[in-house]
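K.L.:
Please see the structure below; I have some questions.
The values are calculated or read from the model by the stated rules, or taken from the named source; none is laboratory data. From a predicted model like this one, the values you see are computed outputs, not experimental measurements. When we count neighbours, we look across all protein chains shown, and the Cβ atoms used for this are built from the backbone with ideal geometry, even at glycine. The accessibility values were calculated without ligands, DNA or RNA, using every heavy atom of the protein model including side chains. Shrake-Rupley method; radii C 1.70, N 1.55, O 1.52, S 1.80 Å.
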Amino acid sequence: MEGGIVKRGKRARGAMKGRSVESGALGEVQALLAAAQRKTGIDPRRRDLLIENLHLIQDRYGHIPAAHIVALAREMKLAMTEVYEVATFYHHFDVVKEGQTPPPALTVRVCDSLSCELSGANALIQDLKKVLGNGVRVIPAPCVGRCDQAPVAVVGQNPVAQASIDKVKPLVAAKKTQCATGKYVNYSEYRRTGGYDLAIECFNGTRDAESLIKTMENSGLRGLGGAGFPTGRKWRIVRGEKGPRLMAVNIDEGEPGTFKDRHYLERDPHRFLEGVVVAAWAAQISEVYIYLRDEYAGIRAILEKEIKALQADPPCPLPPMFLRRGAGAYICGEESAMIESIEGKRGMPRLRPPYVAQVGLFGHPTLEHNMETLYWVRDIVQKGAGWFAGHGRNGRKGLRSFSVSGRVKKPGVHLAPAGITVKELIEEYCGGMLPGHQFYGYLPGGASGGILPAAMGDIPLDFDTLNPYGCFIGSAAVIIFSDRDSARGAASNVMKFFAEESCGQCTPCRVGTAKARQLMDAKQWDRGLLEELSGAMADASICGLGQAAPNPIRTVMKYFPKEVG
């Protein structure tokens with residue numbers, strides 16, 4: 001050392017900048033990548049597989065040590081900062097810096113989103129922390145897609161319905177952390193009941209793409225992930241783009257209150273997969289990428305097994321299918337953020353235009369679909385457009401899968417006519433309200449769809465019908481609360497969710513959601529300031545998270561004025 005300056009030798013040409021690679025960590029990372037390549041036959045050092053590789057490390061060690069980030073960067077020929085910023089973006093990656101203590105080997109997550117909060121999740125979190133001790137980490141988690149089973153805890157990857165200390169404690173003691181799968185229709189069973197007959201007809205010339213696309217257009221089926229774009233029109237637009245064309249399937253249903261995709265995939269996965277094959281044929285898709293939220297470990301096991309069975313005995317030519325695993329980020333339910341995540345990056349929404357149908361995954365025209373939209377393709381084409389369009393009430397057409405949770409006797413996924421009212425839904429499908437509870441209000445479209453009082457329970461539930469009231473149906477996640485709850489409390493819960501899930505890319509959303517959360521803690525809301533803040537978020541946010549986050553604030557101030565002072 002001379003003059004307080006440390007002299008270092010020159011870095012060899014081509015060597016990585018930054019920290020040196022530890023040989024032990026490098027060997028462990030290389031072993032994980034080699035095992036992944038043997039399993040998939042794909043070189044795991046591809047840039048788009050960064051998140052998959054981070055999962056390999058997280059799954060193996062229960063966290064991601066700093067030394068392994070350096071080693072992975074070396075193997076993938078990426079900057080260490082690039083690997084680090086991706087790893088720290090997602091909730092399910094536990095990055096442990098040098099000198100930090102790794103988390104306990106076992107983590108128990110307890111959902112504290114609205115439906116679970118109504119069922120006592122906050123008290124359960126505190127009780128589990130006391131009972132399970134220091135060897136287990138107990139943390140709150142955003143919605144895990146099981147609102148009908150509230151409150152829900154997840155031991156490792158093993159979900160616990162109607163969770164209690166008595167249910168969770170034995171699983172922790174026995175280290176039962178893997179998610180088991182229940183009974184579902186497998187490949188051979190699906191084929192025996194006419195499964196993939198439609199796909200075969202498409203490829204053998206019995207059907208033509210133009211007539212099939214027209215059937216989808218005439219059915220009135222719209223995107224069931226929340227945006228509601230007409231399905232047939234989307235196929236036509238993407239088919240008209242220059243190839244190669246890709247498909248990205250969104251199964252990242254992180255909206256609090258939504259669990260319909262999980263419901264269908266746990267029971268009949270090939271009805272969805274056949275829809276994928278048919279849509280890929282109609283729109284001339286070269287490759288399919290299925291993006292599944294990390295919380296659905298059981299479905300991941302089902303899809304891995306059933307895609308393998310389908311590919312081993314294909315009924316017709318199949319597009320290459322790639323199953324990609326999310327890592328805990330609600331923002332990745334937004335189509336362009338999902339595409340960024342599939343490419344192995346942080347889930348940051350893209351500016352539009354261009355739209356993903358023109359420039360999407362890996363820069364190619366991309367057909368983006370929600371899982372349930374594809375689930376209905378077989379029935380609509382085989383039964384005819386009139387079959388689907390023939391359902392409906394109050395002048396609306398089609399069927400809707402309502403994810404209903406909260407203070408009703410029979411929460412769950414209820415397939416009902418489009419345009420049904422929430423009062424009809426509660427009485428005809430949900431068995432009425434829980435004993436001792438009076439219907440007080442509801443969220444018609446999950447956390448971002450706004451909040452309405454029971455007095456407005458006769459509005460038809462469908463695309464566009466709720467817009468005049470400052471609400472929307474989204475993915476048809478209906479959360480019911482009673483006279484024992486408050487609309488103000490519901491709005492505070494969902495704003496906490498938005499603040500924690502903002503990707504941070506744009507100031508209106510990043511700062512606005514955090515500021516709104518603070519203002520909503522006041523005994524009396526500052527209506528003028530909250531409205532000004534809501535306007536800034538709605539008008540200037542890049543994507544739907546920030547644009548829709550003010551809906552609960554505005555609707556509570558409008559329809560529940562006594563609660564906010």
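K.L.:
For the stretch 157-183, name all the residues that are open to solvent by less than 50 Å² (accessible area, probe 1.4 Å) and among the small types (Gly, Ala, Ser).
P.N.:
ALA161, ALA163, SER164
K.L.:
Can you tell me how many residues in the stretch 401-428 are in contact with a strand residue (DSSP E or B) (Cβ under 6 Å, 6 or more places away or on another chain) and open to solvent by 10 Å² or more (accessible area, probe 1.4 Å)?
P.N.:
Counting residues in the stretch 401-428 that are in contact with a strand residue (DSSP E or B) (Cβ under 6 Å, 6 or more places away or on another chain) and open to solvent by 10 Å² or more (accessible area, probe 1.4 Å) gives 6.
K.L.:
Tell me, which residue of the stretch 202-234 that is in contact with a strand residue (DSSP E or B) (Cβ under 7 Å, 6 or more places away or on another chain) and of a type outside the set (Gly, Ala, Ser) is farthest from GLN547 (Cα to Cα)?
P.N.:
GLU217
K.L.:
Hey, another quick one. Going through the stretch 204-234 one residue at a time, which ones are crowded, with 17+ Cβ neighbours inside 10 Å and over 30 Å from the mean Cα position of the chain (by Cα)?
P.N.:
Scanning the stretch 204-234 gives a single hit, ARG207.
K.L.:
Another one. Being over 30 Å from THR465 (Cβ atoms) and touching a residue at least 60 places away in the same chain (Cβ under 8 Å) narrows it down to one of ILE200, ILE139, ILE213, ILE165, so name that one.
P.N.:
ILE200 is the lone residue from the list that is over 30 Å from THR465 (Cβ atoms) and touching a residue at least 60 places away in the same chain (Cβ under 8 Å).
K.L.:
Moving on. Of everything in the stretch 403-425 that's touching a residue at least 60 places away in the same chain (Cβ under 8 Å) and out of contact with any Cys (no Cβ under 9 Å at 6 or more places or on another chain), which residue is farthest from ASN218 (Cα to Cα)?
P.N.:
Here the residue is ARG407.
K.L.:
Which pairs have Cβ atoms under 6 Å, sit 6 or more apart or on different chains, and link a residue in the stretch 69-92 that is without any contact (Cβ under 8 Å) to a residue 40 or more places away in the chain and farther than 16 Å from ALA327 by Cα to one that is among the charged types (D, E, K, R) and surrounded by fewer than 18 Cβ atoms within 10 Å (Cβ to Cβ)?
P.N.:
Final answer for the pair search is MET76/ARG45.
K.L.:
A follow-up question, please. Any residue in the stretch 347-365 that is within 23 Å of LEU50 (Cβ to Cβ) sitting within a Cβ distance under 6 Å of a residue that is assigned to a loop (DSSP other than H, G, I, E, B)? List the pairs, counting only those 6 or more apart or interchain.
P.N.:
Close Cβ pairs satisfying both conditions: GLY347/ALA329; MET348/CYS503; MET348/GLN505; PRO349/GLU334; PRO349/ILE542; PRO349/CYS543; HIS364/PRO244.
K.L.:
Working carefully through the options ARG207, ARG233, find the one that is farther than 26 Å from LEU114 by Cα, assigned to a loop (DSSP other than H, G, I, E, B) and touching a helix residue (DSSP H, G or I) at 6+ places or on another chain (Cβ under 7 Å).
P.N.:
ARG207
K.L.:
Among the helices (runs of 4 or more DSSP H) contained in the stretch 41-123, which hold 3 or more residues that are among the aliphatic types (A, V, I, L, M), open to solvent by 10 Å² or more (accessible area, probe 1.4 Å) and within 25 Å of LEU292 (Cβ to Cβ)?
P.N.:
Output list is empty.
K.L.:
Let me ask something additional. Show me the helices (runs of 4 or more DSSP H) found entirely inside the stretch 490-565 where at least 1 residues are touching a residue at least 40 places away in the same chain (Cβ under 8 Å).
P.N.:
Of the helices (runs of 4 or more DSSP H) lying wholly inside the stretch 490-565, those with at least 1 residues that are touching a residue at least 40 places away in the same chain (Cβ under 8 Å) span 507-519, 544-548, 550-559, 561-564.
K.L.:
Residues of the stretch 429-453 being surrounded by fewer than 19 Cβ atoms within 10 Å (Cβ to Cβ) and out of contact with any His (no Cβ under 9 Å at 6 or more places or on another chain), which ones?
P.N.:
GLY431, GLY432, LEU434, PRO435, GLY436, HIS437, GLN438, PRO453
K.L.:
Any chance the stretch 272-293 includes a residue that's in a loop (DSSP other than H, G, I, E, B), of a type in the set (S, T, N, Q) and more than 21 Å from PHE203 (Cβ to Cβ)?
P.N.:
no
K.L.:
If you don't mind, there's one more thing I want to ask. Might you check whether a residue that is under 23 Å from the mean Cα position of the chain (by Cα), within 28 Å of ILE200 (Cβ to Cβ) and of a type in the set (Lys, Arg) occurs anywhere in the stretch 324-346?
P.N.:
Yes, because at least one residue in the stretch 324-346 is under 23 Å from the mean Cα position of the chain (by Cα), within 28 Å of ILE200 (Cβ to Cβ) and of a type in the set (Lys, Arg).
K.L.:
Among the numbered conditions (1) in contact with a strand residue (DSSP E or B) (Cβ under 6 Å, 6 or more places away or on another chain); (2) buried (at least 17 other Cβ atoms within 10 Å of the Cβ); (3) touching a residue at least 60 places away in the same chain (Cβ under 8 Å), tell me where ALA337 comes up short.
P.N.:
So the condition that ALA337 fails would be (1).
K.L.:
While we're here: Using beta carbons and a limit of 6 Å, which pairs, at least six apart or on different chains, have the first residue in the stretch 451-476 and modelled with pLDDT of 95 or more and the second one among the basic types (Lys, Arg) and part of a loop (DSSP other than H, G, I, E, B)?
P.N.:
Pairs found: PRO460/ARG396; ASP462/ARG396.
K.L.:
Return yes or no: is GLY228 on the phi > 0 side of the Ramachandran plot, assigned to a loop (DSSP other than H, G, I, E, B) and at pLDDT below 95?
P.N.:
Against the criterion (on the phi > 0 side of the Ramachandran plot, assigned to a loop (DSSP other than H, G, I, E, B) and at pLDDT below 95), GLY228 qualifies.
K.L.:
A further question on this structure: State the number of residues belonging to the stretch 237-271 that are over 30 Å from ASP313 (Cα atoms) and either hydrophobic (A, V, I, L, M, F, W, C) or in a helix (DSSP H, G or I) (or both).
P.N.:
2
K.L.:
Ok, one more. Just checking, which of ARG245, ARG271 is under 26 Å from CYS147 (Cβ atoms), open to solvent by 10 Å² or more (accessible area, probe 1.4 Å) and modelled with pLDDT of 95 or more?
P.N.:
Among ARG245, ARG271, only ARG271 is under 26 Å from CYS147 (Cβ atoms), open to solvent by 10 Å² or more (accessible area, probe 1.4 Å) and modelled with pLDDT of 95 or more.
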